[in-house]
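S.K.: Got a structure for you, written out below as structure tokens; questions coming shortly.
The values are calculated or read from the model by the stated rules, or taken from the named source; none is laboratory data. Since this is a predicted model, take the numbers as computed values, not measurements. Here the Cβ positions follow ideal geometry from the backbone for every residue, glycine too, while neighbour counts run over all protein chains shown.
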Amino acid sequence: MDNITSRHDPRFEVTMYKYMGVENSHKLDFYEQHGGYQTAKKALTTMQSVDIVNEVKASGLRGRGGAGFPMGVKWSFMPPVDGRQRFIVCNADESEPGSTKDRFVLEDDPHQLIEGMIIAGYAIQATLGVIYIRGEYHLGYTRLYDAINEARAKGYLGKNVLASNFDFDLILHRGAGAYICGEESALMNSFEGYRANPRLKPPFPAQAGVYGFPTSVNNVTSIASGVHIIAKGADWFKSMGTQDSSGFHHVQISGPAVRRGVYEVPMGITYREIIFDLAGGVTEPVKAFIPGGSSCPMFPFTDEYLDLTMEYGVVAKAGSMMGTGGIILIPEDKCIVDALANVVHFYAHESCGKCTPCREGVSTWLPKMYAKLLAGLGESGDLELLEDVSHNIRGRSFCPLADACIMPVQASIKHFRHEYEYIIEHGKSMYAKKSRWQE
Amino acid sequence: MKVKVNGIELELAPGTSAIDAVFAAGSDVPYFCSHEYMSPVGSCRMCLAKIGAPRKDRATGNWVLDEETGEPQIFWFPNPMATCTTAIMEGMVIETEAEEAVKAQRGMVEMTLINHPLDCPICDKGGACELQDRAYEYGEGISRFEFDKRHQEKHHQLSELITLDRERCIHCKRCIRFFEEVPGDEVLDFIERGGHTYIATVEEGLESNFTGNITDLCPVGALLDRTSRFKGRNWEYEHTITSSLDDASGSAIVLDSRTGRLERIKAELNTQVNKLWIDDSTRFGYEYVNSSERIKTPLIRKGDNLEAASWQEVSEFIADKLAKLAQKEAAIVLRADSTLEEGYAAKNLAKILETGQIDHYPRQLASVIPNNSASLNDLASSDAIFVIGDVSQNVPIVDLRIKDALKGVAPPEMFEHGVPIADLRLKERMIRKKEILTVAAPYNVDLMRHAGQAHIYEANSEEAIFKALTKIANGEDSSVAAMSNEQAEALVKRLNEANNAIIIYDGFSLASPAAAIAARNFANAVGAKEIILGQMANSYGLEAIQVLPSHERYGYAEIMQGSAKALIISELNPANNSQYAQNLKELELLVVHSIFENETTALADVVLPAKSGYEKQGTIVNLEGRLLEVNAAPIDAGQAQDFEFLAASIIAALGKEGKEDLASLAHKAIRKQFGVDSKKLDPEGDLKPLKPRANNKAKLHIQSTNIGNALIVPTMLRLEYIDKNPHLLAERGAAKLTMNSIDADANGLKNAEIVSLDVAGIKRSFSVQIKDSVPAGLWLIPALPEQAIGLLELDRASLKKELEPA
């Protein structure tokens, strides 16, 4: 993200990303000067926790981590307060290739996340919050670490937060480099010191989460959105976006775009607007785009798909997912088999090894098949085998990681079957050009 | 709940898993990760089926019915579901044979096999392998995987007892889950991830008493028993199901033998006793039976030598000698793991010889028969347990059943297909209810790790503890050694208020009749049931049928001190005690029934070859009062015979044969005493708890020492055989002399140093083990069959260093 030239759709007021890139924006002084912690104060001193849950519910905010589950509904699954410890967990293990939206909040505006955690904690009556941050986010970690200490020293964390009767503190936990920790139950295992294997559901985190206690796990920008929803109200949030998908979201564009970067946009915007208006168009011919991070099936770069509105329902209907909003452009002369080999390699490396289809299919068989194709050793029948093995993996694994690998594979075959057939027939790719990172 | 499996309607309890519904319907579905008595985890993804449920109207919540058929409309889940982790719901429809289910299962077999080596012809699991069977039943028969398989270590020795072939592992996680869920010893885990995932131990290795179970659990040949490695193919073994004589649980085991040798022991299901688990001593402690040093023929003394003879010849010789004795001059002693049949035979022989000098050993002063007996399944569903002693070493299965109770999951209801394959109440890393367990012992015992309260008390204060607790239970003021008043009161309150309180005690309490009475009184006061841990497999049974002296002058110790002129002794080696050896030399006749030569056979006039516990046929009574069958495996033991044959031969030679043979007398006696037909016992045994003997004729006059500097402690290992069990010896090491570092420093001892020591007349050799959890001044010595548990005064000056540690 070397050249962020615009951070938002100029037609709308920017909220969460308002102070990104501003000098000292990560400091408490700066945050306080710009109205920081006033929303938490309002929530803790003038609102009941159930009001907050209802407000978030009414806003229609859907989880920004990728699955799009309404956050207020998730919070309302928490069991009644019964004296047990409760946890609010922030999933800051942003590892989806193509996604960088959380990173800017963590690095440039950590207090916004802390304020969101206080509000979320109060909403579900959790006195302990955990921020599970991706291990590679070193700057984000140090800034968040310092911010938590600043906040604690100022009485924003600890006993009687903001002179209310509510106690709240945060635990900052660094991941050790596993994509699967973005899956909420694997994240909780990892936090507890166990292997990062996903847990069996049910029980869901609300019934038995961290250490078996009631827990809610939410994404960084979902939690931070909470601050603005409480500050400005659900109606303000709903004034953006559509019935299906309300509010604003952050799209991250990578690949051959003129202005690669993160953009705060209202939901319902079209992909054409994002790519051509905000990002300034493409620098070279593009044949496909991935709408939400590497695990989402790609769309051909055609009018049919460019005119889709960015809504959970619309994208799903078109055969892909909103995901994290990480849009990846795939150049015309990039061999799709090579591109997918890269994606498959990523998931093969990140498979936790718990279940058979992912360990043996995604982590063992698929990368070998792609290596064979790229080496020019493909034979007739290989494509059909790849399709059948993909079919045997999809929807059969323990957690969605295997599907996250298989869906892009299947989409690439669906839209670019001829490139697979070419490489099998000719023993070499349709496009000779190598990726920059391969050179 | 009504469910439909492949068209068959079933009524099942809520909470049943879909996989059990499938099996209950008589259908089949493959599975590798699910296992009886362990949590379902859904990781192998083999048990996939097409599953649907009735569609509900959102407004009314009622089922939407098909307009034509009137049947509920079925909403099919979009993907095949793992039946092991799916709970049934009302109206659920499960199709294991639907096209998409079959395709999913085939695809999963294929993927399971892509990294599994095709070395079945040299694999010990071949022929008894779940993966082999399932691949035949559900696989395509052909692999489309054309690449190199994963190469990993093929001979990774997890311990001296278990080897791991990492290439064969299919990552079902049964072994890892076993250690965490069953004994609570987390010693194994996956390392690395994805296709590189493999199994490894913690740095200390496999520190658990139950490691061998993972070789049974493993659905492939990845985890193998090293004692039986490459010894035979599964289809060549003769499988004999029997009860173990290793300890007082009577755990169910399978003896795998071939060409007259016992090659392997595996656990067998007994839902009432050991479930599917056995400890390592029970599993690996068998190799001695194949030893070339076994006595295979009767031997008779000719001058200084023992020479081979026939049973006929020696029986006549013995009869001649016995006929010359007066009443009460002959003595018979059995070991406490002899069968009921052997016990009756001994009693009949004693009757013919007109002697009351008959006993079994090891045996303590107090009765091992509880007044108000708890079964092991009672224990598993108990809500308050007080243990005083060392359960884990005495009867390891009791340790496991206590841990069942800590999970708070009662033993499952059985299906027609047996134990639930996926009991959805069980979870990985369940929070254990430690607070229900209190453990007290004179030193740090393993079970204390799992207890809510743990107390180390001064050795031999069991009586005082039970009496003080009884006072508290009766509302009187009292203080209990090693416990605070709050702790003692909390313990009494918990036991009092529990629905199913159980008190467990062992030889430490039985060593003094007063302590045993105090224990019983305390159990009565708080309304608790009791479990008493006898030292050997049939301690309960032999006491129940009164293989006991007619008078306190005639007990084991008195016999060894010269109360008899002739002695017939089975499977004990009293001459390892130098003082007893002197007395035994004075005997007019010493008949020793033994598996191996030892100090006592060296003094014998006649040596008779004995059968091991794996070669006998008979009946035992375990610590619950459960009659269990003991069956003989076809092991070549020469002319070895059990004590029943021995007694019959002597009776025949004496010309005193009655109308009935000893076997039918025993059969009748068992029916009379226990009310069961010993030839038609239930495969899981018949629970017939008795009342303790009211009038103990065997009140012995041995002084139980109230003071001492050493404690004979129970040991899971059978030390009399350990040097002939090479694998177990290599893993567990020689007998340990355990002491505090203060004592070690005072005597200039180092860890693992080999020393010899006179233990109340028996010269024994030990490896020193320094543990600061042992109270200073107290040395711990593992028990031998000739040395019952309890406190004794040790002559520490007899300590000699034999070897410096390596």
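S.K.: Sort out for me the strands (runs of 3 or more DSSP E) sitting completely within region B:597-667 that have 1 or more residues that are more than 18 Å from B:A544 (Cα to Cα).
M.R.: B:606-609
S.K.: Select from region B:30-66 the residues that are surrounded by fewer than 16 Cβ atoms within 10 Å (Cβ to Cβ) and hydroxyl-bearing (S, T, Y) and list them in ascending order.
M.R.: B:T60
S.K.: Among the candidates B:S39, B:S34, which residue alone is more than 11 Å from every other protein chain (Cβ to nearest Cβ), small (G, A, S) and touching a residue at least 24 places away in the same chain (Cβ under 8 Å)?
M.R.: Values: B:S39 fails: more than 11 Å from every other protein chain (Cβ to nearest Cβ).
Of B:S39, B:S34, the one residue that is more than 11 Å from every other protein chain (Cβ to nearest Cβ), small (G, A, S) and touching a residue at least 24 places away in the same chain (Cβ under 8 Å) is B:S34.
S.K.: Which residue is farthest from the other protein chains (Cβ to nearest Cβ), if the candidates are limited to region A:364-420 and must be among the aliphatic types (A, V, I, L, M) and surrounded by fewer than 18 Cβ atoms within 10 Å (Cβ to Cβ)?
M.R.: Out of the qualifying residues, it is A:L374.
S.K.: Moving on. Hey, among the residues in region B:185-196 that are surrounded by 18 or more Cβ atoms within 10 Å (Cβ to Cβ) and more than 7 Å from chain A (Cβ to nearest Cβ), which one's farthest from A:H345 (Cα to Cα)?
M.R.: Looking at the filtered set, the residue picked out is B:D185.
S.K.: Every residue in region B:104-129 that is within 14 Å of chain A (Cβ to nearest Cβ) and either farther than 15 Å from B:K154 by Cα or among the small types (G, A, S) (or both), please.
M.R.: B:A104, B:Q105, B:R106, B:G107, B:M108, B:V109, B:E110, B:M111, B:T112, B:L113, B:I114
S.K.: Output yes when any residue across region B:498-508 is surrounded by fewer than 20 Cβ atoms within 10 Å (Cβ to Cβ), closer than 22 Å to B:L623 by Cβ and in contact with a Lys or Arg (Cβ under 9 Å, 6 or more places away or on another chain), and no when none is.
M.R.: Yes.
S.K.: Just to check your reading of the model, which residue among A:T309, A:T302 is surrounded by fewer than 21 Cβ atoms within 10 Å (Cβ to Cβ), more than 14 Å from every other protein chain (Cβ to nearest Cβ) and touching a Gly at 6+ places or on another chain (Cβ under 9 Å)? First the steps, then the outcome.
M.R.: Numbers: A:T302 fails: touching a Gly at 6+ places or on another chain (Cβ under 9 Å).
After ruling out the rest, the residue left standing is A:T309.
S.K.: Among the residues of region A:248-260, which ones are out of contact with any Lys or Arg (no Cβ under 7 Å at 6 or more places or on another chain) and among the small types (G, A, S)?
M.R.: Of everything in region A:248-260, those that are out of contact with any Lys or Arg (no Cβ under 7 Å at 6 or more places or on another chain) and among the small types (G, A, S) turn out to be A:G255, A:A257.
S.K.: Which strands (runs of 3 or more DSSP E) does region B:213-261 wholly contain that include 1 or more residues that are crowded, with 16+ Cβ neighbours inside 10 Å and touching a helix residue (DSSP H, G or I) at 6+ places or on another chain (Cβ under 9 Å)? Give the steps one after another, and end with the answer.
M.R.: Values: elements: B:223-225, B:238-243, B:252-258.
The strands (runs of 3 or more DSSP E) meeting that bar are B:223-225, B:252-258.
S.K.: Would it be correct to say that B:A459 is free of Cβ contacts under 8 Å to residues at least 40 places away in the same chain, hydrophobic (A, V, I, L, M, F, W, C) and not in a helix (DSSP H, G or I)?
M.R.: Here the answer is no, as B:A459 does not meet what is asked.
S.K.: I'd like to know if region B:55-69 contains one or more residues that are within 14 Å of another protein chain (Cβ to nearest Cβ) and either out of contact with any Ser or Thr (no Cβ under 9 Å at 6 or more places or on another chain) or small (G, A, S) (or both).
M.R.: No, that holds for no residue.
S.K.: Checking the condition in contact with a Gly (Cβ under 9 Å, 6 or more places away or on another chain) and of a type in the set (V, I, T), which residue from A:T142, A:T221 passes?
M.R.: A:T221
S.K.: Does A:E360 meet the test of being closer than 22 Å to A:C296 by Cβ and either buried (at least 18 other Cβ atoms within 10 Å of the Cβ) or at the interface with another protein chain (Cβ under 7 Å from one of its Cβ atoms) (or both)? Write out each step before concluding.
M.R.: Numbers: closer than 22 Å to A:C296 by Cβ: no; either buried (at least 18 other Cβ atoms within 10 Å of the Cβ) or at the interface with another protein chain (Cβ under 7 Å from one of its Cβ atoms) (or both): yes.
Spelling it out, it is not the case that A:E360 is closer than 22 Å to A:C296 by Cβ and either buried (at least 18 other Cβ atoms within 10 Å of the Cβ) or at the interface with another protein chain (Cβ under 7 Å from one of its Cβ atoms) (or both).
S.K.: Moving on. Picking from A:E350, A:E439, A:E384, A:E360, which residue would you name as being out of contact with any His (no Cβ under 8 Å at 6 or more places or on another chain), among the charged types (D, E, K, R) and modelled with pLDDT under 95? So that I can check it myself, show each step before the final result.
M.R.: On the way: A:E350 fails: modelled with pLDDT under 95; A:E384 fails: modelled with pLDDT under 95; A:E360 fails: modelled with pLDDT under 95.
Result: A:E439 is the single residue among A:E350, A:E439, A:E384, A:E360 that is out of contact with any His (no Cβ under 8 Å at 6 or more places or on another chain), among the charged types (D, E, K, R) and modelled with pLDDT under 95.
S.K.: So, of the residues in region B:706-721 that are hydrophobic (A, V, I, L, M, F, W, C) and in a loop (DSSP other than H, G, I, E, B), which turns out to be farthest from B:L757 (Cα to Cα)? Spell out how you get there, then give the answer.
M.R.: Just the residues of region B:706-721 that are hydrophobic (A, V, I, L, M, F, W, C), to begin with: B:707, B:710-713, B:716-717, B:719.
Going one step further and asking which of them are in a loop (DSSP other than H, G, I, E, B), we end up with B:707, B:716-717, B:719.
On the way: B:I707: 19, B:M716: 21, B:L717: 20, B:L719: 16 Å.
Residue satisfying both the conditions and the ranking: B:M716.
S.K.: Take A:A186 and tell me if it is touching a residue at least 12 places away in the same chain (Cβ under 8 Å), within 10 Å of chain B (Cβ to nearest Cβ) and within 19 Å of the chain's Cα centre (by Cα). Explain how you work it out, then say what you get.
M.R.: Details: touching a residue at least 12 places away in the same chain (Cβ under 8 Å): yes; within 10 Å of chain B (Cβ to nearest Cβ): no; within 19 Å of the chain's Cα centre (by Cα): yes.
Considered against the rule, which asks whether it is touching a residue at least 12 places away in the same chain (Cβ under 8 Å), within 10 Å of chain B (Cβ to nearest Cβ) and within 19 Å of the chain's Cα centre (by Cα), A:A186 comes out as no.
S.K.: Right, another one. Please work out which residue is surrounded by the most Cβ atoms within 10 Å (Cβ to Cβ), limiting yourself to region B:1-24 and to residues that are assigned to a loop (DSSP other than H, G, I, E, B) and touching a residue at least 40 places away in the same chain (Cβ under 8 Å).
M.R.: We begin by selecting, within region B:1-24, every residue assigned to a loop (DSSP other than H, G, I, E, B); these are B:1, B:6-7, B:12-16.
Cutting the leftovers down to touching a residue at least 40 places away in the same chain (Cβ under 8 Å) gives us B:1, B:6, B:12-16.
Working: B:M1: 16, B:N6: 17, B:L12: 19, B:A13: 10, B:P14: 9, B:G15: 13, B:T16: 21.
Per the criteria, the residue is B:T16.
S.K.: Please return the ranges of helices (runs of 4 or more DSSP H) entirely within region A:168-244 where 1 or more residues are closer than 24 Å to A:H111 by Cα and among the charged types (D, E, K, R).
M.R.: Correct list: A:184-192, A:220-232.
S.K.: Filter region B:75-98 down to the residues that are within 9 Å of chain A (Cβ to nearest Cβ) and of a type in the set (S, T, N, Q) and list them by number.
M.R.: Once the filter is applied, which keeps residues that are within 9 Å of chain A (Cβ to nearest Cβ) and of a type in the set (S, T, N, Q), region B:75-98 yields B:N79, B:T85.
S.K.: Then there is this: Would you say B:M81 is buried (at least 20 other Cβ atoms within 10 Å of the Cβ) and over 22 Å from B:D165 (Cα atoms)? Write out each step before concluding.
M.R.: Working: buried (at least 20 other Cβ atoms within 10 Å of the Cβ): yes; over 22 Å from B:D165 (Cα atoms): yes.
The answer is yes for B:M81.
S.K.: Go through region B:325-438 and tell me which strands (runs of 3 or more DSSP E), entirely inside it, have 1 or more residues that are among the hydroxyl-bearing types (S, T, Y) and in contact (Cβ under 8 Å) with a residue 24 or more places away in the chain. Don't jump to the end; show me each part of the working.
M.R.: Numbers: elements: B:330-335, B:357-361, B:384-388.
Answer list for region B:325-438: B:357-361.
S.K.: Taking region A:50-75 on its own, how many of its residues are of a type in the set (D, E) and touching a residue at least 24 places away in the same chain (Cβ under 8 Å)?
M.R.: So the count comes out to 1.
S.K.: Right, something else. Quick one: would you say B:T600 is free of Cβ contacts under 8 Å to residues at least 40 places away in the same chain, in contact with a helix residue (DSSP H, G or I) (Cβ under 7 Å, 6 or more places away or on another chain) and hydroxyl-bearing (S, T, Y)?
M.R.: Judged against the criteria, B:T600 is a match.
S.K.: Mind listing whichever residues of region B:162-202 are at positive phi and touching a residue at least 24 places away in the same chain (Cβ under 8 Å)? Steps first, please.
M.R.: At the first step, the residues of region B:162-202 found to be at positive phi are B:171, B:173, B:184, B:192, B:194.
Of everything in region B:162-202, those that are at positive phi and touching a residue at least 24 places away in the same chain (Cβ under 8 Å) turn out to be B:H171, B:K173, B:G184.
S.K.: Follow-up. Within the set of pairs 6 or more residues apart or between chains, which connect a residue that is under 19 Å from A:V217 (Cα atoms) and without any contact (Cβ under 8 Å) to a residue 60 or more places away in the chain inside region A:158-171 to a residue that is surrounded by 14 or more Cβ atoms within 10 Å (Cβ to Cβ) and among the charged types (D, E, K, R) with Cβ atoms less than 9 Å apart?
M.R.: A:D169/A:R152; A:L170/A:R152
S.K.: When only residues in region B:285-323 that are without any contact (Cβ under 8 Å) to a residue 12 or more places away in the chain and assigned to a loop (DSSP other than H, G, I, E, B) count, which is farthest from B:Q535 (Cα to Cα)?
M.R.: So, considering only residues that are without any contact (Cβ under 8 Å) to a residue 12 or more places away in the chain and assigned to a loop (DSSP other than H, G, I, E, B), the one farthest from B:Q535 (Cα to Cα) is B:G303.
S.K.: Another one. Just give me the residues in region B:151-168 being more than 28 Å from the chain's Cα centre (by Cα) and either within 14 Å of another protein chain (Cβ to nearest Cβ) or within 19 Å of B:C129 (Cβ to Cβ) (or both), in sequence order.
M.R.: Kept after step one, since they are more than 28 Å from the chain's Cα centre (by Cα), are these residues of region B:151-168: B:151-155, B:166-168.
Of everything in region B:151-168, those that are more than 28 Å from the chain's Cα centre (by Cα) and either within 14 Å of another protein chain (Cβ to nearest Cβ) or within 19 Å of B:C129 (Cβ to Cβ) (or both) turn out to be B:H151, B:Q152, B:K154, B:H155, B:R166, B:E167, B:R168.
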